[in-house]
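Structure first, commentary second.
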Amino acid sequence: MKSVAAILFLTALLSSVEIRLATDATRGRHGASPAAPSGLSLVVRAVSVQAQAKADPWGFDEEAAESWQDILRPQVVDVVLTTAFLAFAMVSFFRKSVPLKYVTFVMAVGYMGFYKSNLISVVNIFGVIDWNLPIVKHNVTWYVFALFTVISTVLWGRVYCGRVCAYGALTQLMDATLPKKLRIEPPVWLERRAAWIKYGLLASVILYYLATHNLMVYRFVEPFWMFGLSESWGLWIGLAVLLIATVFVRNLYCRFLCPVGAMLGILSNLTVFKIKRWSECKTCKLCEKTCEWGAIQGPKIIKSECVRCDDCERLYMDQKKCPHWIIILRKADKIASASPARSV
């Protein structure tokens with residue numbers, strides 16, 4: 001700052017000298033005094049220009065500043081469409097509507113997957129580790145998407161995994177359309193142990209990145225590149241094997257192998273708005289048998305495994321299936337039937 005101030009002061013001083021010389025030259029022409037040599041004036045002018053160049057060596061001051069309108073205008077449509085999709089996903093979540101949920105899945109696969117190829121990846125985790133994140137003003141859509149993922153996870157749990165992730169939506173659509181007789185249900189003991197694999201993969205990938213700073217490792221631990229439709233035949237064969245295995249073991253990758261799911265699972269332990277549990281949940285196994293993610297163990301919901309799929313929550317609200325409501329209704333019927341006898 002001191003050097004810049006000195007340069008500016010020198011520029012002003014030289015400018016005043018040049019003006020004085022020009023004045024003297026004018027007087028010389030009128031006979032007041034002899035004119036200053038023209039060479040001195042050129043030297044003064046050259047030094048002034050050189051000083052200005054040092055103050056702004058790249059010429060930034062000469063360029064017109066880019067306005068926020070110029071920056072945001074190309075991103076407006078993308079921001080609006082992404083925000084609209086996320087809003088629709090949350091409406092389907094709060095409404096606990098099965099049809100709306102499957103519409104969300106189709107939108108996630110089509111728009112967020114194949115059209116935009118926008119998913120949360122381990123590459124984003126690497127960026128946070130290095131604090132090497134995209135420039136905000138040029139990547140508004142990405143920040144909307146990333147902040148939605150983090151905030152929704154803290155507030156409600158792994159909503160992103162259960163409703164927004166394009167790959168997770170694809171496998172859940174597969175699960176809904178393929179014959180259930182093809183499924184192979186792993187034993188509970190194996191399911192609970194296999195759920196830890198994704199945490200091991202997350203730790204391994206982070207350690208590998210810290211050692212090598214090789215971003216391309218993501219291709220070998222997550223299949224999200226499939227939406228970009230550009231990879232080697234070897235990886236496509238590996239993806240085909242994974243999808244075939246998913247036919248038999250539902251949501252295989254999301255449940256047991258996804259490092260991003262593991263990271264969001266860790267974050268979901270901060271969940272603010274948890275799933276409600278009744279006192280009858282201590283003995284009832286209905287929701288535990290219904291849960292396709294292995295997230296319910298007796299009366300306890302494992303928040304790190306729950307993707308807020310709504311299955312158990314719809315059961316909670318079903319007064320014809322949930323024992324909590326059945327017991328309440330039976331008690332009400334007994335009271336109602338006993339009331340006329342008392343009045344007689």
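What about Thr290, is it in contact with a helix residue (DSSP H, G or I) (Cβ under 7 Å, 6 or more places away or on another chain), at pLDDT below 90, closer than 29 Å to Arg183 by Cβ and β-branched (Val, Ile, Thr)? Judged against the criteria, Thr290 is a match. Residues that are buried (at least 17 other Cβ atoms within 10 Å of the Cβ), basic (Lys, Arg) and either farther than 30 Å from Phe105 by Cα or in contact (Cβ under 8 Å) with a residue 60 or more places away in the chain (or both): does the range 326-338 have at least one? Looking through the range 326-338, none of the residues is buried (at least 17 other Cβ atoms within 10 Å of the Cβ), basic (Lys, Arg) and either farther than 30 Å from Phe105 by Cα or in contact (Cβ under 8 Å) with a residue 60 or more places away in the chain (or both).
Residues in the range 92-139 that are assigned to a helix (DSSP H, G or I) and among the small types (Gly, Ala, Ser): Ser92, Ala108, Gly110, Gly113, Gly127. Just give me the residues in the range 186-215 being touching a residue at least 40 places away in the same chain (Cβ under 8 Å) and within 19 Å of Lys289 (Cβ to Cβ), in sequence order. Within the range 186-215, Pro186, Val188, Glu191, Arg192, Ala194, Ala195 qualify. You will find that of Leu235, Leu267, Leu257, Leu252, the residue that is surrounded by 14 or more Cβ atoms within 10 Å (Cβ to Cβ), aliphatic (A, V, I, L, M), over 23 Å from Val188 (Cα atoms) and touching a residue at least 60 places away in the same chain (Cβ under 8 Å) is Leu267 and no other.
Which of the following residues is over 15 Å from the mean Cα position of the chain (by Cα), within 17 Å of Ala166 (Cβ to Cβ) and either touching a residue at least 24 places away in the same chain (Cβ under 8 Å) or outside the structural domain of Asn214 (by TED's automatic domain parsing) (or both): Tyr115, Tyr102? Give the derivation first.
Details: Tyr115 fails: either touching a residue at least 24 places away in the same chain (Cβ under 8 Å) or outside the structural domain of Asn214 (by TED's automatic domain parsing) (or both).
Tyr102 is the lone residue from the list that is over 15 Å from the mean Cα position of the chain (by Cα), within 17 Å of Ala166 (Cβ to Cβ) and either touching a residue at least 24 places away in the same chain (Cβ under 8 Å) or outside the structural domain of Asn214 (by TED's automatic domain parsing) (or both).
Tallying residues that are part of a loop (DSSP other than H, G, I, E, B) and either modelled with pLDDT of 90 or more or in contact with a helix residue (DSSP H, G or I) (Cβ under 7 Å, 6 or more places away or on another chain) (or both) within the range 266-287 yields 8.
The values are calculated or read from the model by the stated rules, or taken from the named source; none is laboratory data. Source: prediction; values computed, not measured. As a convention, Cβ positions derive from the backbone with ideal geometry for all residues, glycine included, and neighbour counts pool all protein chains shown.
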